[in-house]
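Below is one structure, written out as structure tokens; comments come after it.
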């Protein structure tokens, strides 16, 4: 999901200032400046951060970007964004064949060429024409299809399949793991998350822009961050969102609190749309906990871990049993977000991911866009439904919270108003034997899969972005090539790989696939296993592979990727009642990753950005890997299924470390030889 925005440019500037500040002892001032640049809501708030230690020219440049953002409303540019383009059909077919070649035999490739020719001579041009017709009447021809076919028609359980996890870095600076801190830290986290909600509600969250040229990026996904839930249905789910900006009307003011298999409606917004204070939030949570601890509830939330058809039947049954159940479901689905206390004791990112992706199924409402997990260790993570928005929205919010915590030394100092808040309301469900059996079955299904997932997260600290950039190479392409080399060495073959490319420069744009396993990177991997290859040969092929990746990423971001185009053509074939074109049934399609069969599922969460995410693998024999790139390190999160006899996250990471070491040696040896 690599995209260079003004936020990332300012992040680099401020992180550089942080480093210098550590040397001269003014770190707190840099933190104040950073906080002002991104999240001030007035020009006056920015101008007061005039620091003598920042060079005047740099100060003007940073403030120019930030002040421009202050004059904009979050969604004011939506209607001016260009429509999502339809790629050229011949270009898509050519790129498709390129992506197939590394994964098939010569005979299979000839067959792939033949089915592509048949498609171009047969139904392909007419389907493409229909796609162009659709695009002529819609600003985003993909949007509705993507939501329906990529997400809402997915029938497997959401956890361990579609949901994504986030791990905040808060324990790395101000909140080391410590028992007995769960309530206080959870309340402060909620408070700052609600401040982010306030920025959206008042439309004061700055508009994202490309760093080069200042192109406005789509902000639509932020509308579905709060008060959003996926509701199970028969054959297809639906998305419910109750968020509204101030100009649009009232918005829910409560969260869903889950504890001891019981659920509560907890008010967290006071008068004038202001979040209540952290001490008040803490008291609200305490009150709900006292109510919950008398005895466990029936565990209705576990039903959200079931297969979607089963959950839809159970939901229908709950509504049939009691009108109060329908009210409870409506309250949960419209709530700002879910929040629960968890008895797990993770102490680092890897353990956080294990507990959030594959932890206890109880006290989670997996259908919520945001489920905040506050662990007994005092660490915090999230489990998020991927349907409403992509990971970059969650990263944006987590980064905001981290900035606020750093700015305020991970504490809160302020005045607590003398007022009475509405007490927590327990959402009591009426259940029968069928519901209790469904709860038990859903938990067993979840636990069987959860036990199979292995998660790690490691920091590679030998070098990072600064070293890679010194050779004029792209850091994201560098990591993608390293992942390919690591997999190739471990498994003896290339891996069809998915990397997220964002298309937010277009109206309601979300993502496109970057097929990062290219013929160029495979040729480099082969040479890296040959003893006779020279350093210059290795370097030339490596640089060629990196350049190819940059080319594919740029195509994806400009709306000229191939996977969404192929998906649109396939959907039109189905809607026209045509026999499925052979291109989609040819084994080469699946072998190259088509139809969600990518062996490596990867995404860059950002540069010098502190939060991190992770996902389960797409396929039983695959890996999930999210990573972030800092100036002096790479942070890599990985997942795999234990039941597959070939996969191992520790072995893959060990090979990745070796790949990073070998790539550095190639660059430094070549540089010294040339000098």
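With the checklist (1) part of a loop (DSSP other than H, G, I, E, B); (2) closer than 22 Å to residue 154 by Cα; (3) more than 21 Å from the chain's Cα centre (by Cα) in hand, flag the one item residue 345 doesn't pass.
Result: residue 345 passes all but (2).
Let's see how each residue does on (1) modelled with pLDDT of 95 or more; (2) within 25 Å of the chain's Cα centre (by Cα); (3) closer than 17 Å to residue 367 by Cα; (4) buried (at least 19 other Cβ atoms within 10 Å of the Cβ):
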{"residue": "186", "(1), (2), (3), (4)": "yes, yes, no, yes"}
{"residue": "191", "(1), (2), (3), (4)": "yes, yes, no, yes"}
{"residue": "245", "(1), (2), (3), (4)": "yes, yes, no, no"}
{"residue": "264", "(1), (2), (3), (4)": "yes, no, yes, yes"}
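Tell me whether the range 214-226 contains one or more residues that are in contact (Cβ under 8 Å) with a residue 40 or more places away in the chain and over 21 Å from the mean Cα position of the chain (by Cα). Let's see the steps before the verdict.
Restricting attention to the range 214-226, the residues satisfying the condition of being in contact (Cβ under 8 Å) with a residue 40 or more places away in the chain are 214-226.
Checking which are over 21 Å from the mean Cα position of the chain (by Cα) leaves us with 214-215.
Yes: the range 214-226 contains one or more residues that are in contact (Cβ under 8 Å) with a residue 40 or more places away in the chain and over 21 Å from the mean Cα position of the chain (by Cα).
Hey, can you tell me all the residues within the range 556-581 that are touching a helix residue (DSSP H, G or I) at 6+ places or on another chain (Cβ under 7 Å), part of a loop (DSSP other than H, G, I, E, B) and under 14 Å from residue 119 (Cα atoms)?
Listed by number, the residues that qualify are 580, 581.
Hey, among 326, 354, which residue is assigned by TED's automatic domain parsing to the domain that holds residue 282 and over 19 Å from residue 229 (Cβ atoms)?
Details: 326 fails: over 19 Å from residue 229 (Cβ atoms).
Answer to the selection: 354.
Checking residue 365 against (1) part of a helix (DSSP H, G or I); (2) touching a helix residue (DSSP H, G or I) at 6+ places or on another chain (Cβ under 6 Å), which single condition isn't satisfied?
(1)
Please find, among 515, 504, the residue that is farther than 20 Å from residue 99 by Cβ, buried (at least 24 other Cβ atoms within 10 Å of the Cβ) and touching a residue at least 12 places away in the same chain (Cβ under 8 Å). First the steps, then the outcome.
Details: 515 fails: farther than 20 Å from residue 99 by Cβ.
Testing whether each residue is farther than 20 Å from residue 99 by Cβ, buried (at least 24 other Cβ atoms within 10 Å of the Cβ) and touching a residue at least 12 places away in the same chain (Cβ under 8 Å) leaves just 504.
How many residues are in a loop (DSSP other than H, G, I, E, B) and under 15 Å from residue 362 (Cβ atoms) when one looks only at the range 247-262? I'd like the intermediate steps shown before the answer.
Our first condition is that a residue be in a loop (DSSP other than H, G, I, E, B); within the range 247-262, this holds for 247-253, 260-261.
Narrowing further to those that are under 15 Å from residue 362 (Cβ atoms): 260-261.
Qualifying residue count, the range 247-262: 2.
I'm trying to understand the selection: among the residues of the range 296-312, which are under 18 Å from residue 359 (Cα atoms) and either out of contact with any helix residue (DSSP H, G or I) (no Cβ under 8 Å at 6 or more places or on another chain) or not assigned by TED's automatic domain parsing to the domain that holds residue 236 (or both)?
Residues of the range 296-312 that are under 18 Å from residue 359 (Cα atoms), as a first pass: 299-307.
Selection gives 301 alone.
Looking only at the range 638-651, filter to residues that are in contact with a helix residue (DSSP H, G or I) (Cβ under 6 Å, 6 or more places away or on another chain) and buried (at least 24 other Cβ atoms within 10 Å of the Cβ); which one of those is nearest to residue 400 (Cα to Cα)?
Once the filter is applied, the top-ranked residue is 638.
Does residue 529 satisfy the criteria of being under 18 Å from the mean Cα position of the chain (by Cα) and either surrounded by 22 or more Cβ atoms within 10 Å (Cβ to Cβ) or in contact (Cβ under 8 Å) with a residue 24 or more places away in the chain (or both)? Explain how you work it out, then say what you get.
Numbers: under 18 Å from the mean Cα position of the chain (by Cα): no; either surrounded by 22 or more Cβ atoms within 10 Å (Cβ to Cβ) or in contact (Cβ under 8 Å) with a residue 24 or more places away in the chain (or both): yes.
Answer is no for this residue.
Just need a number here: residues in the range 125-169 that are out of contact with any helix residue (DSSP H, G or I) (no Cβ under 6 Å at 6 or more places or on another chain) and assigned to a helix (DSSP H, G or I).
Here the count works out to 17.
Give the residue, chosen from 645, 616, 620, that is under 19 Å from residue 154 (Cα atoms), over 16 Å from the mean Cα position of the chain (by Cα), in the same structural domain as residue 459 (by TED's automatic domain parsing) and not in a strand (DSSP E or B). Outline the logic, then answer.
On the way: 645 fails: under 19 Å from residue 154 (Cα atoms); 616 fails: over 16 Å from the mean Cα position of the chain (by Cα).
Within the list 645, 616, 620, the selection yields 620.
Kindly provide the set of residues from the range 360-376 that are free of Cβ contacts under 8 Å to residues at least 40 places away in the same chain and buried (at least 24 other Cβ atoms within 10 Å of the Cβ), ordered by number.
Looking only at the range 360-376, we keep the residues that are free of Cβ contacts under 8 Å to residues at least 40 places away in the same chain, and these are 360, 371, 373.
Passing the criteria: 371, 373.
Looking at this structure, is residue 326 without any contact (Cβ under 8 Å) to a residue 40 or more places away in the chain and either outside any strand (DSSP E or B) or touching a strand residue (DSSP E or B) at 6+ places or on another chain (Cβ under 7 Å) (or both)?
Details: without any contact (Cβ under 8 Å) to a residue 40 or more places away in the chain: yes; either outside any strand (DSSP E or B) or touching a strand residue (DSSP E or B) at 6+ places or on another chain (Cβ under 7 Å) (or both): yes.
For residue 326, the condition - without any contact (Cβ under 8 Å) to a residue 40 or more places away in the chain and either outside any strand (DSSP E or B) or touching a strand residue (DSSP E or B) at 6+ places or on another chain (Cβ under 7 Å) (or both) - is met.
Among the residues of the range 403-414, are any closer than 21 Å to residue 346 by Cβ and surrounded by fewer than 20 Cβ atoms within 10 Å (Cβ to Cβ)?
Yes, the range 403-414 contains at least one residue that is closer than 21 Å to residue 346 by Cβ and surrounded by fewer than 20 Cβ atoms within 10 Å (Cβ to Cβ).
Tally up the residues in the range 316-336 that are under 15 Å from residue 240 (Cα atoms) and surrounded by 18 or more Cβ atoms within 10 Å (Cβ to Cβ), please.
7
Tell me whether the range 87-102 contains one or more residues that are in a loop (DSSP other than H, G, I, E, B), under 21 Å from residue 555 (Cα atoms) and modelled with pLDDT of 85 or more. Talk me through it step by step, then tell me what you get.
Residues of the range 87-102 that are in a loop (DSSP other than H, G, I, E, B), as a first pass: 87-88.
Right, trim to under 21 Å from residue 555 (Cα atoms) and you get 87-88.
If we keep only those that are modelled with pLDDT of 85 or more as well, we get 87-88.
Yes, the range 87-102 contains a residue that is in a loop (DSSP other than H, G, I, E, B), under 21 Å from residue 555 (Cα atoms) and modelled with pLDDT of 85 or more.
Restricting to the range 378-395, name every residue that is surrounded by 22 or more Cβ atoms within 10 Å (Cβ to Cβ) and out of contact with any helix residue (DSSP H, G or I) (no Cβ under 7 Å at 6 or more places or on another chain).
Residues satisfying the conditions are 385, 391, 392, 394.
The values are calculated or read from the model by the stated rules, or taken from the named source; none is laboratory data. Predicted model, so just to flag it, every value in this text is computed and none were measured. Note: ideal-geometry Cβ built from the backbone for every residue, glycine included; neighbour counts use all protein chains shown.
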